[in-house]
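Undergrad: Following this message is one structure expressed as structure tokens.
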Amino acid sequence: MSSDFISFNKNISAGEAINELRKLKPEQEELYTLLIVDDYNRLVATSTLRDLVIADPDVPLHHIMNMQLITVFDNDHVKSLAEIISKYNLLAIPVINDSSKIQGVVIIDDIVEDLVGNE
């Protein structure tokens, strides 16, 4: 799990999020899934970079976010993570705690490394 992730409040605009990304200059892996949080910093949705880029700059993120969350908990087994990522064709999956606060993100490359290393 990587603790390097970027999250945005659901009430900021697409343009504000893009400006923040320009400032942060994140690594490629941090852009697989954009994490959207509420005012209490709980994960409420995700968005793709594509959806962010094509949205009108004034549109709030809560209008373009995907609320069908696929997440895991930090104590889930690596094999179950691999099954989830494979089933839903994901490049990354958010890791949350019992309060829905983001603990990190598991990138598909990390899962492959763990599975190969354990064989």
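Undergrad: Looking only at segment 46-76, which residues are among the β-branched types (Val, Ile, Thr) and in contact (Cβ under 8 Å) with a residue 40 or more places away in the chain?
TA: Residues satisfying the conditions are Thr46, Val59, Ile64.
Undergrad: Also: Testing Lys25 on (1) under 21 Å from Asp109 (Cα atoms); (2) touching a residue at least 24 places away in the same chain (Cβ under 8 Å), one condition comes back false. Which one is that?
TA: It is condition (2) that Lys25 fails.
Undergrad: Now, a different point. Going by the conditions given, is Leu81 of a type in the set (A, V, I, L, M, F, W, C), out of contact with any Cys (no Cβ under 8 Å at 6 or more places or on another chain) and surrounded by fewer than 16 Cβ atoms within 10 Å (Cβ to Cβ)?
TA: Working: of a type in the set (A, V, I, L, M, F, W, C): yes; out of contact with any Cys (no Cβ under 8 Å at 6 or more places or on another chain): yes; surrounded by fewer than 16 Cβ atoms within 10 Å (Cβ to Cβ): no.
Criteria not met by Leu81.
Undergrad: If I filter segment 26-40 down to residues being modelled with pLDDT of 95 or more and surrounded by fewer than 15 Cβ atoms within 10 Å (Cβ to Cβ), which single residue comes out as nearest to the chain's Cα centre (by Cα)? I'd like the intermediate steps shown before the answer.
TA: Of segment 26-40, the ones modelled with pLDDT of 95 or more are 35-40.
Checking the rest, the ones that are also surrounded by fewer than 15 Cβ atoms within 10 Å (Cβ to Cβ) come to 38-40.
Numbers: Asp38: 14, Asp39: 17, Tyr40: 17 Å.
Only one residue tops the list, namely Asp38.
Undergrad: Considering only segment 60-77, state which residues are open to solvent by 40 Å² or more (accessible area, probe 1.4 Å) and more than 19 Å from Ser100 (Cα to Cα).
TA: First pass over segment 60-77, keeping only residues open to solvent by 40 Å² or more (accessible area, probe 1.4 Å): 62-63, 66-71, 73-77.
Matches in segment 60-77: His63 only.
Undergrad: Here is a list of conditions, (1) open to solvent by 80 Å² or more (accessible area, probe 1.4 Å); (2) at pLDDT below 90, and Leu90 meets all of them except one; can you say which number that is?
TA: Condition (1) is where Leu90 drops out.
Undergrad: Out of (1) over 16 Å from the mean Cα position of the chain (by Cα); (2) farther than 14 Å from Met1 by Cβ; (3) outside any loop (DSSP other than H, G, I, E, B); (4) among the polar types (S, T, N, Q), what's the single condition that is false for Ser80?
TA: Single failed check for Ser80: (2).
The values are calculated or read from the model by the stated rules, or taken from the named source; none is laboratory data. Bear in mind that the values here come from a model prediction, so they are computed numbers and not experimental data. Neighbour counts are summed over all protein chains in view; Cβ atoms, including those assigned to glycine, are modelled from backbone coordinates with ideal geometry. Ligands, DNA and RNA are stripped out before the accessible areas are found, and what is left, the full protein with its side chains, is counted by its heavy atoms. Shrake-Rupley method; radii C 1.70, N 1.55, O 1.52, S 1.80 Å.
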